[in-house]
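The values are calculated or read from the model by the stated rules, or taken from the named source; none is laboratory data. Just so you know, these numbers come straight off a predicted model, no measurement behind them. Cβ sites come from the backbone with ideal geometry, for glycine too, and all protein chains shown count toward neighbours. In case anyone asks, the SASA skips ligands and DNA or RNA and just uses the protein heavy atoms, side chains included. Shrake-Rupley method; radii C 1.70, N 1.55, O 1.52, S 1.80 Å.
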Amino acid sequence: MIIQTFVLTAFQQNTRVIACEKTRQAICIDPGEQSDELETFIKENSLKLQAIILTHGHLDHVGGTSAMHKAFPDAEILIHDDDEDMYRALPAQPLMLGIAPDQLAAMGMAYDEPPDVTRNLSQGEAYEVGELKFSIRHCPGHTQGHVVLAEERERKVFVGDCLFLGSIGRTDLPGGNYDELIDSINSQILSLDDDFIVYSGHGPETTVGRERTTNPFLTGRYQIGKGRFL
Ligand SMILES: [Fe+2]
(Lines give C-alpha, C1' and ligand atoms only; values in the text may rest on other atoms or scores of the structure.)
Protein backbone atom coordinates (compact mmCIF):
# COMPACT_ATOMS: atom_id res chain seq x y z
CA MET A 1 0.00 0.00 0.00
CA ILE A 2 1.41 3.36 -1.04
CA ILE A 3 0.56 6.32 1.21
CA GLN A 4 1.95 9.73 0.31
CA THR A 5 1.00 12.80 2.33
CA PHE A 6 1.11 16.39 1.09
CA VAL A 7 0.58 19.12 3.68
CA LEU A 8 -1.42 21.80 1.89
CA THR A 9 -3.32 25.05 2.46
CA ALA A 10 -2.98 27.70 5.16
CA PHE A 11 -4.65 25.11 7.43
CA GLN A 12 -1.81 22.55 7.02
CA GLN A 13 -4.21 19.89 5.81
CA ASN A 14 -2.96 16.37 5.04
CA THR A 15 -3.87 15.63 1.43
CA ARG A 16 -3.10 11.97 0.70
CA VAL A 17 -2.57 9.73 -2.29
CA ILE A 18 -3.29 6.10 -1.49
CA ALA A 19 -2.48 3.38 -4.01
CA CYS A 20 -2.39 -0.35 -4.47
CA GLU A 21 1.25 -1.22 -5.12
CA LYS A 22 0.39 -4.13 -7.38
CA THR A 23 -2.25 -2.65 -9.68
CA ARG A 24 -1.21 1.06 -9.35
CA GLN A 25 -4.88 1.96 -8.84
CA ALA A 26 -5.06 5.07 -6.63
CA ILE A 27 -7.32 7.51 -4.85
CA CYS A 28 -6.69 11.01 -3.54
CA ILE A 29 -8.24 11.73 -0.16
CA ASP A 30 -9.06 15.41 0.45
CA PRO A 31 -7.16 17.50 -2.10
CA GLY A 32 -6.84 20.77 -0.17
CA GLU A 33 -5.56 22.94 -2.99
CA GLN A 34 -3.88 22.77 -6.37
CA SER A 35 -0.41 21.27 -6.02
CA ASP A 36 2.10 20.56 -8.78
CA GLU A 37 3.92 18.23 -6.40
CA LEU A 38 0.76 16.19 -5.85
CA GLU A 39 -0.05 15.91 -9.56
CA THR A 40 3.56 15.06 -10.44
CA PHE A 41 3.68 12.32 -7.80
CA ILE A 42 0.70 10.57 -9.37
CA LYS A 43 2.05 10.88 -12.91
CA GLU A 44 5.67 9.99 -12.17
CA ASN A 45 4.69 6.88 -10.23
CA SER A 46 2.37 5.76 -13.03
CA LEU A 47 -0.61 5.69 -10.68
CA LYS A 48 -4.11 5.39 -12.11
CA LEU A 49 -6.23 7.86 -10.19
CA GLN A 50 -9.70 6.36 -10.02
CA ALA A 51 -11.29 8.69 -7.47
CA ILE A 52 -11.08 11.86 -5.44
CA ILE A 53 -12.65 10.95 -2.11
CA LEU A 54 -13.73 13.79 0.19
CA THR A 55 -14.03 12.94 3.88
CA HIS A 56 -16.14 16.06 4.33
CA GLY A 57 -16.98 19.35 2.68
CA HIS A 58 -14.73 21.89 4.46
CA LEU A 59 -12.68 24.13 2.19
CA ASP A 60 -9.28 22.92 3.37
CA HIS A 61 -10.27 19.36 2.35
CA VAL A 62 -12.02 20.04 -0.97
CA GLY A 63 -10.37 23.24 -2.29
CA GLY A 64 -8.15 21.33 -4.72
CA THR A 65 -10.88 19.15 -6.24
CA SER A 66 -11.30 21.38 -9.27
CA ALA A 67 -7.58 21.31 -10.10
CA MET A 68 -7.40 17.52 -9.59
CA HIS A 69 -10.44 17.06 -11.80
CA LYS A 70 -8.75 19.08 -14.56
CA ALA A 71 -5.53 17.06 -14.23
CA PHE A 72 -7.29 13.68 -13.93
CA PRO A 73 -10.72 14.05 -15.58
CA ASP A 74 -11.50 10.31 -15.41
CA ALA A 75 -11.35 10.18 -11.60
CA GLU A 76 -14.77 10.07 -9.97
CA ILE A 77 -15.60 12.56 -7.22
CA LEU A 78 -17.18 11.04 -4.12
CA ILE A 79 -18.62 12.62 -0.97
CA HIS A 80 -21.42 11.76 1.46
CA ASP A 81 -24.81 13.20 0.55
CA ASP A 82 -25.05 15.16 3.81
CA ASP A 83 -21.93 17.23 2.94
CA GLU A 84 -22.63 17.76 -0.75
CA ASP A 85 -24.35 21.13 -0.22
CA MET A 86 -21.34 22.36 1.76
CA TYR A 87 -19.05 21.17 -1.05
CA ARG A 88 -21.13 23.04 -3.63
CA ALA A 89 -20.99 26.16 -1.46
CA LEU A 90 -17.17 26.15 -1.56
CA PRO A 91 -16.86 29.70 -3.03
CA ALA A 92 -18.84 31.08 -0.05
CA GLN A 93 -17.08 29.08 2.67
CA PRO A 94 -14.20 31.53 3.36
CA LEU A 95 -16.72 34.33 3.90
CA MET A 96 -18.52 32.18 6.49
CA LEU A 97 -15.19 31.85 8.31
CA GLY A 98 -14.94 35.64 8.39
CA ILE A 99 -12.21 35.99 5.77
CA ALA A 100 -12.57 39.34 3.98
CA PRO A 101 -13.31 39.17 0.21
CA ASP A 102 -10.17 41.16 -0.65
CA GLN A 103 -8.03 38.61 1.22
CA LEU A 104 -9.29 35.55 -0.66
CA ALA A 105 -6.81 35.56 -3.54
CA ALA A 106 -3.81 36.14 -1.26
CA MET A 107 -4.88 33.20 0.91
CA GLY A 108 -5.48 30.91 -2.08
CA MET A 109 -9.19 30.79 -1.34
CA ALA A 110 -10.73 32.52 -4.35
CA TYR A 111 -12.61 29.38 -5.33
CA ASP A 112 -14.63 28.74 -8.47
CA GLU A 113 -17.69 26.49 -8.52
CA PRO A 114 -16.44 22.97 -7.77
CA PRO A 115 -16.98 20.16 -10.31
CA ASP A 116 -20.05 17.94 -10.02
CA VAL A 117 -20.01 15.02 -7.63
CA THR A 118 -20.06 11.66 -9.44
CA ARG A 119 -22.02 9.88 -6.73
CA ASN A 120 -22.49 9.83 -2.96
CA LEU A 121 -20.73 7.56 -0.49
CA SER A 122 -22.85 5.66 1.99
CA GLN A 123 -22.42 3.98 5.34
CA GLY A 124 -21.08 0.43 5.10
CA GLU A 125 -20.09 0.66 1.45
CA ALA A 126 -17.01 -1.33 0.43
CA TYR A 127 -14.79 0.66 -1.90
CA GLU A 128 -12.08 -1.19 -3.82
CA VAL A 129 -8.83 0.33 -5.05
CA GLY A 130 -6.99 -2.48 -6.82
CA GLU A 131 -6.43 -5.06 -4.09
CA LEU A 132 -7.22 -2.61 -1.30
CA LYS A 133 -10.69 -2.63 0.16
CA PHE A 134 -11.95 0.30 2.22
CA SER A 135 -15.06 0.26 4.34
CA ILE A 136 -16.83 3.61 4.30
CA ARG A 137 -17.98 4.64 7.77
CA HIS A 138 -20.32 7.59 8.27
CA CYS A 139 -19.08 9.68 11.23
CA PRO A 140 -21.27 12.76 11.74
CA GLY A 141 -20.32 15.32 14.39
CA HIS A 142 -17.55 17.48 12.87
CA THR A 143 -19.87 17.87 9.87
CA GLN A 144 -23.07 15.97 9.15
CA GLY A 145 -21.70 14.08 6.17
CA HIS A 146 -18.21 13.20 7.38
CA VAL A 147 -16.92 9.75 6.42
CA VAL A 148 -13.82 7.78 7.40
CA LEU A 149 -12.19 5.01 5.38
CA ALA A 150 -10.86 1.86 7.05
CA GLU A 151 -8.63 -0.71 5.32
CA GLU A 152 -8.95 -3.75 7.57
CA ARG A 153 -6.25 -5.93 6.06
CA GLU A 154 -3.67 -3.12 6.06
CA ARG A 155 -4.78 -2.01 9.55
CA LYS A 156 -5.14 1.63 8.59
CA VAL A 157 -7.94 4.17 8.97
CA PHE A 158 -8.22 7.60 7.36
CA VAL A 159 -10.27 9.77 9.69
CA GLY A 160 -10.29 13.30 8.26
CA ASP A 161 -11.20 15.79 10.99
CA CYS A 162 -13.01 13.38 13.35
CA LEU A 163 -9.99 12.44 15.43
CA PHE A 164 -6.47 13.81 15.96
CA LEU A 165 -3.49 12.83 18.06
CA GLY A 166 -4.71 13.80 21.54
CA SER A 167 -7.71 15.72 20.30
CA ILE A 168 -10.94 15.60 18.31
CA GLY A 169 -12.48 17.68 15.53
CA ARG A 170 -14.14 21.05 16.05
CA THR A 171 -17.87 20.93 16.66
CA ASP A 172 -18.58 24.68 16.65
CA LEU A 173 -18.89 25.05 12.87
CA PRO A 174 -22.21 24.61 10.98
CA GLY A 175 -23.36 20.98 11.19
CA GLY A 176 -21.13 20.24 14.18
CA ASN A 177 -22.41 18.38 17.23
CA TYR A 178 -20.18 17.31 20.12
CA ASP A 179 -22.23 14.37 21.39
CA GLU A 180 -22.69 13.08 17.87
CA LEU A 181 -18.94 13.28 17.21
CA ILE A 182 -18.10 11.33 20.37
CA ASP A 183 -20.70 8.69 19.43
CA SER A 184 -19.27 8.48 15.90
CA ILE A 185 -15.69 8.08 17.13
CA ASN A 186 -16.74 5.38 19.59
CA SER A 187 -18.84 3.40 17.16
CA GLN A 188 -16.91 3.84 13.90
CA ILE A 189 -13.24 4.32 14.88
CA LEU A 190 -12.65 2.92 18.37
CA SER A 191 -14.52 -0.21 17.28
CA LEU A 192 -11.39 -1.01 15.24
CA ASP A 193 -8.51 -2.88 16.88
CA ASP A 194 -5.82 -0.99 18.83
CA ASP A 195 -3.11 -1.58 16.23
CA PHE A 196 -4.89 0.34 13.46
CA ILE A 197 -2.82 3.36 12.37
CA VAL A 198 -4.91 6.53 12.35
CA TYR A 199 -4.26 9.06 9.57
CA SER A 200 -5.83 12.41 10.47
CA GLY A 201 -6.65 15.42 8.33
CA HIS A 202 -4.19 17.56 10.30
CA GLY A 203 -1.09 16.69 12.32
CA PRO A 204 0.78 13.42 12.86
CA GLU A 205 -0.36 9.83 12.71
CA THR A 206 -1.47 7.96 15.81
CA THR A 207 -3.09 4.61 16.59
CA VAL A 208 -6.55 3.56 17.72
CA GLY A 209 -5.03 2.13 20.92
CA ARG A 210 -3.14 5.28 21.79
CA GLU A 211 -6.24 7.45 21.38
CA ARG A 212 -8.45 4.98 23.22
CA THR A 213 -6.16 5.10 26.26
CA THR A 214 -4.74 8.65 26.25
CA ASN A 215 -7.04 11.01 24.32
CA PRO A 216 -8.67 13.12 27.09
CA PHE A 217 -11.87 13.57 25.08
CA LEU A 218 -12.29 9.80 24.82
CA THR A 219 -11.09 8.60 28.21
CA GLY A 220 -13.54 10.93 29.98
CA ARG A 221 -10.75 13.02 31.52
CA TYR A 222 -12.06 16.08 29.74
CA GLN A 223 -15.75 16.84 29.72
CA ILE A 224 -17.01 19.67 27.58
CA GLY A 225 -19.22 22.16 29.37
CA LYS A 226 -17.60 21.36 32.70
CA GLY A 227 -14.55 23.37 31.62
CA ARG A 228 -11.99 21.23 33.34
CA PHE A 229 -9.88 18.15 33.23
CA LEU A 230 -11.13 15.58 35.72
FE1 LIG B 1 -12.93 20.10 8.76
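Work out from phi, with θ = phi - 60° and the Karplus expression 6.51 cos²θ - 1.76 cosθ + 1.60, the ³J(HN,Hα) of each residue of the range 138-147, listed in order in whole Hz, and give x for Gly and Pro.
Taking θ as phi minus 60°, the curve returns 6, 10, x, x, 7, 9, 6, x, 5, 10 Hz for the range 138-147.
Taking every eigenvalue of the Cα gyration tensor of the chain, multiplying by 5 and rooting it, what semi-axes result, largest first, whole Å?
So the three semi-axes of the chain are 26, 23, 15 Å.
Expressed as cubic angstrom per residue, what is the convex hull volume of the alpha carbon set of the range 139-203?
Roughly 75 Å³ of hull volume per residue.
I'd like the antiparallel share, as a percent to the nearest 5, of DSSP beta bridges with both residues in the chain.
Among the beta bridges of the chain, antiparallel pairing accounts for roughly 65 percent.
Of the accessible area of the range 24-94, with the probe set at 1.4 angstrom, what percent is carbon plus sulfur?
Ligands and nucleic acids excluded, carbon and sulfur give 43 percent.
Where the only charges are on Cβ atoms (+1 Lys, Arg; -1 Asp, Glu), what is the dipole of the chain about its Cα centre, to the nearest 20 debye?
640 debye
Using only Cα atoms, locate the centre of the range 136-154 and the centre of the range 19-59, then give the distance between them in Å, rounded to an integer.
When both Cα centres are located, 18 Å separates them.
Among the aspartates and glutamates, which fall within straight-line cross-link reach of Lys22, defined as a Cα-Cα distance under 15 Å, with same-chain neighbours fewer than 8 residues apart omitted?
Straight-distance partners of Lys22: Glu128, Glu131, Glu154.
Starting from the eigenvalues of the Cα gyration tensor, five times each then square-rooted, give me the equivalent ellipsoid semi-axes of the range 67-148, largest first, whole Å. List each step's numbers first, then the result.
Numbers: eigenvalues 151, 58, 20 Å².
Semi-axes, largest first: 27, 17, 10 Å.
Need one word for the range 1-122: rounded, prolate or oblate. Basis is the Cα gyration tensor (sqrt eigenvalues a ≥ b ≥ c); a/c below 1.5 gives rounded, then a/b vs b/c decides.
Details: a/c = 2.16, a/b = 1.53, b/c = 1.42.
Prolate, since a/c reaches 1.5 and a/b exceeds b/c.
As an exercise, identify the trypsin sites (Lys or Arg not before Pro) in the range 2-91 lying in DSSP coil whose Cβ has no more than 16 other Cβ atoms within 10 Å.
Answer by residue number: Lys22, Arg24.
Largest first and in whole Å, what are the equivalent-ellipsoid semi-axes of the range 118-230 based on the Cα gyration tensor, each being the root of 5 times an eigenvalue?
24, 17, 10
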